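The values are calculated or read from the model by the stated rules, or taken from the named source; none is laboratory data. Computed from a predicted structure; not experimentally measured. Counting neighbours? That spans all protein chains shown, and the Cβs are built from the backbone with ideal geometry, glycine included.
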Amino acid sequence: MRKLTYFIACSIDGFIGDPSGDATEMVRFVDEGYSAFFAAEYPETVPTHVRHLIGMEDLPNKRFDTVIQGRASYDLALKEGVTSPYAHMREYVASRTLTESPDPNVEIVGDDLVARVRELKAEDGDLGIYLCGGSQLAGALVDEIDELVIKSYPIVYGTGMPMFGSDFAVTEFTLGEVRSFGNGVVVRTYSRKR
Ligand SMILES: NC(=O)c1ccc[n+]([C@@H]2O[C@H](COP(=O)([O-])OP(=O)(O)OC[C@H]3O[C@@H](n4cnc5c(N)ncnc54)[C@H](OP(=O)(O)O)[C@@H]3O)[C@@H](O)[C@H]2O)c1
């Protein structure tokens, strides 16, 4: 059984971006120490075209070999002319409107999203599935999430895009590792309480 992990950047008040979802305010916190953490532990979460720019392209996948993102998040890459933003993993994009995949490495998942994710989780393998976001997709998959890795940036948005675009429901998680960095970012790992 492989884990589905929602690995997500958010503000102190839990928003993953401004009201439109834009998360670029968080990028300015990336410094040497924080980049070293990504390189050592989560290199595969850095998009392929960015890895090439910062010399991370040869790093092996550490936690994930599969990524799933919502169509709106995938659109951000498409707008930059990138059709396979995580070419170093198997890529899935949830969409009911995209009928044809723009890239051979990207599989579109339509109406049977939860069933497809359950199939992926049931596969053998040591590496897990990176739930990349955004909010709507995380809301659709909230009951399937096994682990949360929440990168809290030292900013308050007041309002914005919530971590989960889902209805009110209380789901308990158990706190695991907590890491803090000189740039004020705190990374908390939680596992679903079973
Ligand atoms: N802070 C972070 O770390 C982080 C990470 C990722 C993304 N983001 C931000 O999140 C924003 C996008 O989030 P979002 O909530 O607007 O959109 P999203 O979750 O990325 O994508 C939503 C789309 O996914 C598809 N989808 C959702 N549920 C589905 C289901 N059950 N079955 C099939 N397809 C489904 C639909 O595509 P169709 O309309 O094509 O059917 C839907 O419109 C971006 O602005 C991005 O910057 C932030």
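Please work out which residue is surrounded by the most Cβ atoms within 10 Å (Cβ to Cβ), limiting yourself to the stretch 81-93 and to residues that are over 13 Å from T66 (Cβ atoms) and within 18 Å of the chain's Cα centre (by Cα). In this case the residue turns out to be P85.
Exactly one residue out of E91, E119, E107 is out of contact with any strand residue (DSSP E or B) (no Cβ under 6 Å at 6 or more places or on another chain) and farther than 19 Å from G165 by Cβ: that is E119.
Return a yes/no flag: does the stretch 9-27 have any residue that is under 26 Å from E57 (Cβ atoms), of a type in the set (A, V, I, L, M, F, W, C) and either assigned to a helix (DSSP H, G or I) or in contact with an Asp or Glu (Cβ under 8 Å, 6 or more places away or on another chain) (or both).
Checked the stretch 9-27: at least one residue is under 26 Å from E57 (Cβ atoms), of a type in the set (A, V, I, L, M, F, W, C) and either assigned to a helix (DSSP H, G or I) or in contact with an Asp or Glu (Cβ under 8 Å, 6 or more places away or on another chain) (or both).
Where residues in the stretch 65-97 are among the basic types (K, R) and touching a residue at least 24 places away in the same chain (Cβ under 8 Å), which of them is nearest to the ligand (Cβ to nearest atom)? Residue satisfying both the conditions and the ranking: R71.
What strands (runs of 3 or more DSSP E) completely inside the stretch 88-175 contain at least 1 residues that are on the phi > 0 side of the Ramachandran plot? Break it down stepwise before answering.
On the way: elements: 90-94, 106-109, 128-133, 147-153.
In the stretch 88-175, the matching strands (runs of 3 or more DSSP E) lie at 128-133.
Got at least one residue in the stretch 48-64 being more than 16 Å from the ligand (Cβ to nearest atom), assigned to a loop (DSSP other than H, G, I, E, B) and on the phi > 0 side of the Ramachandran plot? Checking the stretch 48-64: at least one residue is more than 16 Å from the ligand (Cβ to nearest atom), assigned to a loop (DSSP other than H, G, I, E, B) and on the phi > 0 side of the Ramachandran plot.
Against the test of being free of Cβ contacts under 8 Å to residues at least 12 places away in the same chain, away from the ligand (no atom under 13 Å from the Cβ) and surrounded by fewer than 19 Cβ atoms within 10 Å (Cβ to Cβ), the options E119, E100, E123 yield a single qualifying residue, E119. Scanning the stretch 65-80 for residues that are in a helix (DSSP H, G or I) and over 16 Å from the mean Cα position of the chain (by Cα) turns up L78, K79.
Could you identify the single residue in I155, I108 that is over 26 Å from V82 (Cβ atoms), modelled with pLDDT of 95 or more and either within 14 Å of the ligand (Cβ to nearest atom) or under 16 Å from the mean Cα position of the chain (by Cα) (or both)?
Values: I108 fails: over 26 Å from V82 (Cβ atoms).
Of the residues listed, the single one that is over 26 Å from V82 (Cβ atoms), modelled with pLDDT of 95 or more and either within 14 Å of the ligand (Cβ to nearest atom) or under 16 Å from the mean Cα position of the chain (by Cα) (or both) is I155.
The listed residues are A40, A36, A77, A72, and the only one of them that is buried (at least 19 other Cβ atoms within 10 Å of the Cβ) and among the aliphatic types (A, V, I, L, M) turns out to be A77. Here's a check for you: in the stretch 12-34, which residue that is more than 9 Å from the ligand (Cβ to nearest atom), touching a residue at least 24 places away in the same chain (Cβ under 8 Å) and not acidic (D, E) is farthest from V185 (Cα to Cα)? Checking each candidate, the answer is P19.
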